[in-house]
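S.K.: Quick one: the structure is below, and I'll ask about it shortly.
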């Protein structure tokens, strides 16, 4: 084949791969992809592949595992479960003393901070006299919290002959006695607790010193005034505070009061003196209610730390933010977040 023939055969092939763009038809502009609910976006929203795990499950027989009748019989006879040797069992709970003064002062500071914040957020129609009497209102509400603390520990320890003498008297309270909701939750869960994951059986029960029980956890020179407390509750409700009942019937509680607060230089933490299985996020939140002191710090032990030993299994709430107690208060009462985000 001649050179001219080869060039002639090659020309149509190259022309067939060429792209012809008409000057009269402009190329359409590329549109950005759209997500389902995000509108125009740069990329599509990634989605996970749905996998049906039941397709790989092995068939199981519809039969009961074990002899259920034998299991029920053994449980009824007390022969099935975890049993400690007699020398490692606890027939009576070990008492842990509440430091009433720290408990009371912490409650007062927190209630005062809440009332001040609510007075700032109050509508102009709210009587100005309510905001002027905030310290007195906080003092009366704190007295109610202390009285409720005494009533709760009276219910828990009234049948224990070792401390029953401290709880023989009962203060006069209103028919429908309530305290601020976060404190109601904390006091309700202030009860006896059986610890787990330990080589021996341990029961713990909160109590108060005999001298603190004389005046129902109030200061020595203070007098309980139910009528004044009722007025303080009415004023606080106008400002927006929420109140709740305390369950005085159940003796059981949670472990929120068993944390050991530790302050080392600028680091604050709550140490768990018992295995971490005994503590939860909810108990940490309740403990944070009392993480405030007179120096605007966090260290404020509300129990006698000597009673819980020196063991450390884990620690929680490291480097808490400022006003952690106030934030926890509003978190428990489900108040909108805008209330407790402060500005300088």
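S.K.: Condition (residue is part of a helix (DSSP H, G or I), surrounded by fewer than 20 Cβ atoms within 10 Å (Cβ to Cβ), touching a residue at least 12 places away in the same chain (Cβ under 8 Å) and touching a strand residue (DSSP E or B) at 6+ places or on another chain (Cβ under 7 Å)) applied to segment 127-142: is it met by at least one residue?
M.R.: Looking for residues that are part of a helix (DSSP H, G or I), surrounded by fewer than 20 Cβ atoms within 10 Å (Cβ to Cβ), touching a residue at least 12 places away in the same chain (Cβ under 8 Å) and touching a strand residue (DSSP E or B) at 6+ places or on another chain (Cβ under 7 Å), one finds none in segment 127-142, hence no.
S.K.: Going by the conditions given, is residue 291 in contact with a helix residue (DSSP H, G or I) (Cβ under 6 Å, 6 or more places away or on another chain), assigned to a loop (DSSP other than H, G, I, E, B) and within 22 Å of residue 316 (Cα to Cα)?
M.R.: Judged against the criteria, residue 291 is a match.
S.K.: May I ask you to list the residues in segment 149-165 that are over 21 Å from residue 302 (Cα atoms), touching a residue at least 60 places away in the same chain (Cβ under 8 Å) and touching a helix residue (DSSP H, G or I) at 6+ places or on another chain (Cβ under 6 Å)?
M.R.: If the condition is that a residue be over 21 Å from residue 302 (Cα atoms), touching a residue at least 60 places away in the same chain (Cβ under 8 Å) and touching a helix residue (DSSP H, G or I) at 6+ places or on another chain (Cβ under 6 Å), then no residue fits.
S.K.: When you scan segment 143-162, how many residues do you find that are touching a strand residue (DSSP E or B) at 6+ places or on another chain (Cβ under 8 Å), buried (at least 21 other Cβ atoms within 10 Å of the Cβ) and over 16 Å from residue 225 (Cβ atoms)?
M.R.: 4
S.K.: Anything in segment 71-98 that is surrounded by fewer than 11 Cβ atoms within 10 Å (Cβ to Cβ), on the phi < 0 side of the Ramachandran plot and at pLDDT below 85? List them, or say none.
M.R.: 76, 77, 79, 82, 85, 86, 87, 91
S.K.: If we scan segment 262-270, do we find a residue that is touching a residue at least 40 places away in the same chain (Cβ under 8 Å), buried (at least 22 other Cβ atoms within 10 Å of the Cβ) and over 13 Å from the mean Cα position of the chain (by Cα)?
M.R.: Scanning segment 262-270, I find at least one residue that is touching a residue at least 40 places away in the same chain (Cβ under 8 Å), buried (at least 22 other Cβ atoms within 10 Å of the Cβ) and over 13 Å from the mean Cα position of the chain (by Cα), so the answer is yes.
S.K.: Let me ask something else about it. Condition test on residue 172, is it in contact with a helix residue (DSSP H, G or I) (Cβ under 9 Å, 6 or more places away or on another chain), closer than 21 Å to residue 244 by Cβ and exposed (fewer than 15 other Cβ atoms within 10 Å of the Cβ)?
M.R.: So residue 172 fits the description; yes.
The values are calculated or read from the model by the stated rules, or taken from the named source; none is laboratory data. Computed from a prediction, not measured in an experiment: that's the story for all the values here. Heads up, the Cβs are rebuilt from the backbone with ideal geometry, glycines too, and the neighbour counts pull from every protein chain shown.
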